[in-house]
1. Return a whole-number percent for the relative contact order of segment 3-318, with Cα pairs under 8 Å and 6 or more residues apart as the contact set.
2. Work out the charge dipole of the chain with +1 on the Cβ of Lys and Arg and -1 on the Cβ of Asp and Glu about the Cα centre, then indicate which of Tyr191, Leu267, Phe3 is farthest towards its positive end.
3. Restricting to the chain, compute how many DSSP beta bridges are antiparallel as a %, nearest 5.
4. Rounded to the nearest 0.05, what FRET efficiency is calculated for Asp12 and Arg126 with R0 set to 51 Å and r the Cβ-Cβ distance?
5. Checking the a/c ratio against 1.5 first, then a/b against b/c, what shape does the Cα gyration tensor give for segment 53-131?
6. Over the Cα atoms of the chain, Rg to Rh with Kirkwood Rh, two decimal places?
7. How long are the semi-axes of the equivalent ellipsoid of segment 133-237, defined as square roots of 5 times the Cα gyration tensor eigenvalues? Whole Å, largest first.
8. By the scheme Lys and Arg +1, Asp and Glu -1, what is the net charge of all other residues having a beta-carbon under 13 Å from that of Asn60?
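Since every read-out is calculated from the coordinates, none of them should be taken as a lab result. Fair warning: this is a prediction, and the values are worked out from it, not measured in the lab. Cβ sites come from the backbone with ideal geometry, for glycine too, and all protein chains shown count toward neighbours.
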Amino acid sequence: MNFNDITDMLRDPDSEAWLLKKADETRREYCGEDIHVRGIIEFSNICKKNCLYCGLRAKNSEVRRYRLTEEEIVAAAEAAASMDIRTVVLQSGEDDYFTVDKLASIVRAVKKAGVAVTLSAGEKTREEYAALKAAGADRYLLRFETSDPDLFAMLKPDSSFENRFNCLKWLKELGFQVGSGIMVGLPGQSYETIARDLLLFRDLDLDMIGVGPFIPHPDTPLGPTPRGNIDLTLKVVALTRLLTLNAHIPATTAMGTIDRLGRQKALQCGANVIMPNVGPLKYRKDYSIYPDKICVNDSAEHCSGCVSRLIESLGRKRAKGFGHSLKKS
Ligand code: SF4
């Protein structure tokens with residue numbers, strides 16, 4: 001598939017049914033019927049940056065800020081392991097309180113729960129990533145959000161486009177399973193932008209790719225901007241599957257937020273991962289990158305049971321084991 005094929009399919013409403021079916025067949029062929037369950041622990045909503053779209057941006061004074069202790073993080077990971085969740089995703093804003101030494105200590109302690117560890121804690125130096133790998137971290141998520149340098153500079157005024165891609169390169173060199181992703185429906189994003197995002201997913205040979213709709217947060221400068229739509233986001237998920245074949249692709253919580261059946265729809269057009277929140281209930285509402293997030297009032301046990309029922313309802317299987325990258329097996 002080349003650039004023009006992709007833009008044609010994104011533009012043509014009649015391509016949707018074929019595309020979604022083809023992506024589901026490709027997922028079946030390259031990933032099987034397993035759906036991997038990853039438990040997210042949002043361990044700090046404090047962030048020094050000011051991404052225009054994000055409710056956690058430093059300048060948003062409406063957020064009640066929190067940090068989990070190492071003990072709280074480990075307890076959440078142990079509870080996830082007891083529910084047969086074999087990967088935890090430790091996610092935070094860019095919070096300098098969590099030095100690399102603190103993060104490495106947390107990774108070592110969490111690994112003792114018998115889970116794989118994915119980190120999603122922003123941009124760091126190559127040496128810091130190396131220390132986290134040495135501590136036992138298996139995977140790292142760092143979305144580039146858009147392949148358009150001008151749009152990136154507008155959305156992430158205190159990040160460098162070049163450094164973001166350097167980080168992804170270092171993570172790969174250090175042996176992490178690497179995830180990235182984008183938002184669909186960003187202001188100023190065109191079909192051509194999305195086609196370049198998709199080709200970059202393929203060229204970066206990513207292990208994991210997250211695609212979610214843009215959902216404006218009212219307490220950010222992009223508050224009045226229209227949200228992304230589910231149909232285009234599903235087409236992007238489907239094209240991601242067709243271009244990358246065996247990458248792990250989550251049915252993102254953001255898809256379930258803009259459409260009650262959004263996650264189920266994503267799992268039927270290429271996605272093979274679902275990521276319930278397993279962090280402490282009392283902080284869930286405060287991790288509001290975007291508003292009206294689903295499941296913020298549901299306990300980890302409830303969410304684990306809910307995703308099991310969702311998986312069964314699709315006639316699929318809940319995967320056993322760590323669910324490492326299919327690119328390395
Ligand atoms: S997107 Fe990440 S880096 Fe940007 S403000 Fe939000 S939490 Fe911070």
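1. It comes to 24 percent, rounded to a whole number.
2. Comparing the listed Cα positions along the dipole, Leu267 ranks first.
3. Values: 1 of 30 bridges.
Given both bridge residues lie in the chain, the antiparallel proportion sits at roughly 5 percent.
4. Values: r = 43 Å, r/R0 = 0.84.
Plugging the Cβ-Cβ distance into 1/(1 + (r/R0)^6) gives 0.75.
5. Values: a/c = 2.08, a/b = 1.38, b/c = 1.51.
Oblate is the answer for segment 53-131, as a/c is 1.5 or above yet b/c matches or exceeds a/b.
6. Values: Rg = 18.3 Å, Rh = 19.7 Å.
Here the Rg-to-Rh quotient is 0.93.
7. Details: eigenvalues 124, 48, 35 Å².
Ellipsoid half-lengths, sorted descending, are 25, 15, 13 Å.
8. Details: positive: Lys48, Lys49, Arg57, Lys59, Arg64, Arg65; negative: Glu62, Asp219, Asp286.
Here the charged neighbours net out to +3.
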